[in-house]
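The structure under discussion appears below in the form of structure tokens.
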Amino acid sequence: MSLVKICGLKDEVSVKAAVNGGASFIGFVFFENSPRSIEIEEAAKLARGIPDVTEIVGLFVDPTNDEIQKVLSRVPLSMLQLHGLESPKRVLEIKGKFNIPVIKAIPVAEPSDLDYIASYKNAADWLLFDTKMADGTSGGAGVAFDWSVLAGLRTMIPWFLAGGLTPENVKGAIEMVNAPRRGCFEWC
């Protein structure tokens, strides 16, 4: 069975549904330009209802250390998700500074977008493949990319598939990327 990450939750009903549905990861978005952005105090309140067996992930876009620290001082994050243009060096700096596992989002539109994932091998604990947007950043719009580009992916870094996943298409996505053995899924 694939692991599932539900991201962008903003209310108690959604968090309870994700937990009761068996989500392994719950994500809160701390990027104010996102329609799924959540205030720190609200995330702290919602986090209290998440069981210890569920990872709490904070999504950031090109954050400063102060921005991350401000969230961590109130919300018990178990992972950080970097969804901007963070370099491997910056990912490693964040991981070292906060001593928390890091997920690095990789924007994907075509097979060549996977050419540089090896540079994150020693920096990121997880990768997240999401739709490449016009500005070069990763997803957040619920739009799918051609998931078949991941079918032959070989990496030692565990990874998530994101971007346009729905209850109607997730079975096909699992089969296409061979996810039960190689990946996880994120719904936003």
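The values are calculated or read from the model by the stated rules, or taken from the named source; none is laboratory data. Note that the coordinates shown come from a computational prediction; the quantities given were computed from them, not determined experimentally. All Cβ positions, even for glycine, are placed from backbone atoms using ideal geometry, and neighbour counts span all protein chains on display.
Let's see how each residue does on (1) exposed (fewer than 15 other Cβ atoms within 10 Å of the Cβ); (2) of a type in the set (Val, Ile, Thr):
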{"position": "SER24", "(1), (2)": "no, no"}
{"position": "PHE30", "(1), (2)": "no, no"}
{"position": "GLY49", "(1), (2)": "yes, no"}
{"position": "VAL53", "(1), (2)": "yes, yes"}
{"position": "LEU59", "(1), (2)": "no, no"}
{"position": "GLN69", "(1), (2)": "yes, no"}
Please tell me if VAL75 is more than 14 Å from the chain's Cα centre (by Cα), part of a loop (DSSP other than H, G, I, E, B) and modelled with pLDDT of 85 or more.
yes
Which count do you get for residues in region 61-81 that are under 21 Å from LYS121 (Cα atoms) and without any contact (Cβ under 8 Å) to a residue 24 or more places away in the chain?
2
What number of residues within region 1-30 are out of contact with any Gly (no Cβ under 8 Å at 6 or more places or on another chain) and farther than 30 Å from GLU175 by Cα?
3
Return yes when ARG36 is surrounded by fewer than 16 Cβ atoms within 10 Å (Cβ to Cβ) and in contact with a Gly (Cβ under 9 Å, 6 or more places away or on another chain) and no when it is not.
yes
Counting only residues that are assigned to a loop (DSSP other than H, G, I, E, B) and aliphatic (A, V, I, L, M), which one in region 12-45 is modelled with the highest pLDDT?
ILE38
Test set (1) farther than 26 Å from GLY164 by Cβ; (2) touching a residue at least 40 places away in the same chain (Cβ under 8 Å) - GLY84 fails condition number
(1)
Apart from one, (1) closer than 19 Å to PHE30 by Cα; (2) more than 12 Å from the chain's Cα centre (by Cα); (3) without any contact (Cβ under 8 Å) to a residue 40 or more places away in the chain all hold for ILE106; the odd one out is (2)
Given the conditions (1) more than 27 Å from GLY152 (Cα to Cα); (2) in contact with a Gly (Cβ under 7 Å, 6 or more places away or on another chain), every one holds for GLN81 apart from (1)
Just to verify a result, which residue in region 46-65, among those that are closer than 16 Å to ILE100 by Cβ and part of a helix (DSSP H, G or I), is farthest from the chain's Cα centre (by Cα)?
ASN65
